[in-house]
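Every number in this text was worked out from the coordinates using simple rules, so none of it is lab data. Treat the numbers as computed from the prediction; the structure is a model and nothing was measured. Cβ coordinates were reconstructed from backbone atoms using ideal geometry, including for glycine residues, and neighbour counts include every protein chain displayed.
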Amino acid sequence: MDTRRDFMKCLAWAGTGIVWSVAGGVPKAMNLGGAALAAPADGFSFVQISDTHIGFKAEANPDPNATLQVALDKIAALSTKPAMMIHTGDVTHLSKPDQFDTADQILKGAKLDTHFVPGEHDVIGDDGKMYFDRFGAKGAPAGGWYSFDQGGVHFIALMNVIGFGPATGGTLGKEQLDWVAADLKGKSASTPIVVMAHIPLWSIFPEWGWTTSDADPVFAALKPFGSVTVLNGHIHQVVQKVEGKITFQTAMSTAFPQPEVGTAPNPGPLKVPADKLKSLLGIREIAYAPAAGLKLTDEPLA
Amino acid sequence: MIAMIKRRALPLAAAVALALAVPAYAADPTEAPQVAAAEPGTVTIDNFAFAPATMTVASGTKIVWNNKDEEPHTVMSADGGMTFKSPALDTDDKFSFTFDKPGTYKYFCSIHPHMVGTIVVK
C-alpha cells in the first residue's frame, strides 16, 4: 500500500479548461474559461487526440465514431489552425480491417497532417501489420518508431506496445533505446523535445499495466535538454507529472473514460450518464512559441 | 524403457478409441486420466480474469478459451505469442489451442497484461 501512496504523491489530476505552461519545467495553471489558446505569431500549435477506439460498441459509448467527429469539429473550430495533429494510439478497438478503415476515413476528414503511434489495441494478432500499412511513418525503422521536426520542435514517436506483458507493462527494447540515444545525439540542448508514446512512459499504476518498465535510458538521453514534454494516451484521463525539466501528461480519450487509479477493481470502460460522457472525453491543444515554450490545453468535448 | 512406453501407450490408444466409439465410457471415473486428452478443457474469461487461472490437463488436450466478459480480451503465450496467440476476442468469441507437448504454459491477455493464466500439460 505504501507503494501506491508514493505513486499518488507524484500525480496531479488536471481539471478541465486549464492551460499548463511548461516553460522552465514548472507548471503554472491558468484558468482559461473555455477560450481557445492563441498561438503567438512566431510559433505554431498542434493538437493531440488519443484512444479513439473505433469499433467499440459497449454501453460506455455506443457511438465512438460520433464522439471522434465531435472532437474533430472542435479542432476545426479552434481560433488558431493547428499545424498538425498527433494520435497517441488505440486508433481502433480490436485491430479489425473495417475498424482501421472507418478510423482512417473519419480522421482524414480533419484535413490535418497526422502523426500516429499505435496502442496495444492496434497490434492484436498481427504485431501491428495492418496498423503500419495504414498509419506507419514512411521510412521509419522496422520497429515503427520515428522522429520528425516541426517549427523548431523535435518530435520522437515511440513504440511501447509490442512487448506489453504481465511483468513489464509497456516495453521499448534495446534496439529502440539505442535509436533514441542516436537520434538525440548532436542536437542542441535548447531544442524543445516532444516525446509521444501510447502507454505512459512513467509508472502510474503497474498493476493495470499503466507503466513502461525500461524507459529510464530515454530520460537519461533527454537529460541535457531544457524542455521535454512527454505526451501519452492509454489511460483515458489527464494525469500530469513534472520531474526536473520533463513534463509528462496523459490525454483524454475521444471514446470512453476509464476509472481513476484505485477507484475500481479493473481498468475497464467507465460507464457514466449519457449527458456526462462528453465532459470526460476531450482533445488537447499544444501551442509553442520560442520565448514561452509549450503550453498544453486540455479541452473536454462538452 | 521401450517396453514401458509401449505398455503405457497401448491402453491410452485403446481408451481413446473406446471413448470415441462408445462415449458413455468417458463417464467411467476409472477411465478419466486417459479420456481427459480427448475432451476439450474450457477456460472462461470474465471480469478481467481467466478461470480457472491454472488448469492441469493431459497431453493432446484442446483448450477452448471463451470470453464471457463485456470487455474484449486476448490469449497470448508468455513467450511473446510464439506458442499461441489469439486474435481479439470480443464478447462470446472463442479461441482454442491443442497442447501436444508436456510442460507449463503461462499466458496473458495482451490488452490487459495483469490478466494471467497457466496451462500445465502432463
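For A:Lys74, list the aspartates and glutamates whose Cα falls under 16 Å from its own Cα; do not include residues on the same chain fewer than 8 positions away.
Correct list for A:Lys74: A:Glu285, A:Asp298, A:Glu299.
Let me know the whole percent of all Cα-Cα pairs from chain A that are separated by more than 31 Å. Mind dumping the intermediate values first?
Details: 9815 of 45451 pairs.
Value for chain A (Cα pairs over 31 Å): 22 percent.
To the nearest 0.05, what FRET efficiency results for B:Lys62 and A:Glu175 with a Förster distance of 30 Å applied to their C-beta separation? Please report the intermediate quantities before stating the final value.
On the way: r = 37 Å, r/R0 = 1.23.
It comes to 0.25.
Work out the mean other chain Cβ neighbour count within 10 Å for the residues of B:111-119 and drop it here as an integer.
Values: counts 12, 8, 12, 10, 3, 3, 0, 0, 0.
That average works out to 5.
Post the alpha-carbon centroid distance, segment A:97-141 to segment B:44-122, in whole angstrom.
Value for the Cα centre distance between the two parts: 27 Å.
In whole Å, how far is the Cα centre of segment A:58-83 from that of segment A:189-236?
Rounded to whole Å, the Cα centres lie 25 Å apart.
Strictly over 31 Å apart at the Cα level, which of B:Lys94/B:Lys122; A:Lys96/A:Lys276; A:Lys108/A:Lys129; A:Lys129/A:Lys276 would you flag in this model?
Working: B:Lys94/B:Lys122 24 Å; A:Lys96/A:Lys276 29 Å; A:Lys108/A:Lys129 20 Å; A:Lys129/A:Lys276 36 Å.
Correct reply: A:Lys129/A:Lys276.
Please report A:Ser50, A:Ser227 as a ranked list, fewest other C-beta atoms within 10 angstrom at the top and most at the bottom.
Values: A:Ser50 31, A:Ser227 21.
Arranged by neighbour count, lowest to highest, A:Ser50, A:Ser227 become A:Ser227, A:Ser50.
Amide H to amide H, which residues 5 or more places from A:His115 or on other chains are under 5 Å from it, using H placed in the peptide plane?
A:Met85, A:Ile86, A:His87
Give me the compactness ratio for segment A:165-302, meaning the Cα radius of gyration over 2.2 N^0.38 Å. Mind dumping the intermediate values first?
On the way: Rg = 16.3 Å, N = 138, 2.2 N^0.38 = 14.3 Å.
Taking the Cα Rg and dividing by 2.2 N^0.38 Å, one obtains 1.14.
Report ³J(HN,Hα) in whole Hz for each residue of segment A:276-286, in order, from the Karplus equation J = 6.51 cos²θ - 1.76 cosθ + 1.60 where θ = phi - 60°; Gly and Pro get x.
So the Karplus estimates, Gly and Pro as x, are 9, 3, 5, 6, 10, 10, x, 10, 10, 9, 10 Hz.
Dividing the convex hull volume of the alpha carbon atoms of segment B:40-122 by its residue count, what do you get in Å³ per residue?
71 Å³
Quick one: which residues, 5 or more positions from A:Asp214 or on another chain, have an amide H under 5 Å from its amide H? H modelled 1.01 Å from N in the peptide plane, none for Pro or chain starts.
HN-HN under 5 Å from A:Asp214: A:Leu172.
Per 0.36 nm of contour for each residue apart, how much would the distance between A:Asp275 and A:Asp149 grow if the chain were fully extended, relative to their Cα-Cα spacing? The partial results should precede the final answer.
Values: separation 126, 0.36 × 126 = 45.36 nm, distance 3.98 nm.
Once the chain is fully extended between A:Asp275 and A:Asp149, it gains 41.4 nm.
Gain in length, A:Asp183 to A:Thr80, computed as 0.36 nm per residue apart minus the alpha-carbon separation, to one decimal in nm?
Working: separation 103, 0.36 × 103 = 37.08 nm, distance 3.06 nm.
Residue separation times 0.36 nm, minus the Cα-Cα distance, leaves 34.0 nm.
Name the residues whose placed amide hydrogens come within less than 5 Å of the amide hydrogen of A:Ser45, ignoring near sequence neighbours (fewer than 5 apart) on the same chain.
Here A:Ala83, A:Tyr288 satisfy the definition.
Kindly put B:Thr61, A:Thr250 in sequence by how many other C-beta atoms sit within 10 Å of each C-beta, fewest to most. Provide the component values of the computation, followed by the final result.
Working: B:Thr61 21, A:Thr250 28.
Final ranking by Cβ density, sparse to dense: B:Thr61, A:Thr250.
Return A:Phe155, A:Phe219 ranked ascending by Cβ neighbour count within 10 Å, so the fewest neighbours appear first.
Values: A:Phe155 20, A:Phe219 16.
Going from sparsest to densest Cβ surroundings: A:Phe219, A:Phe155.
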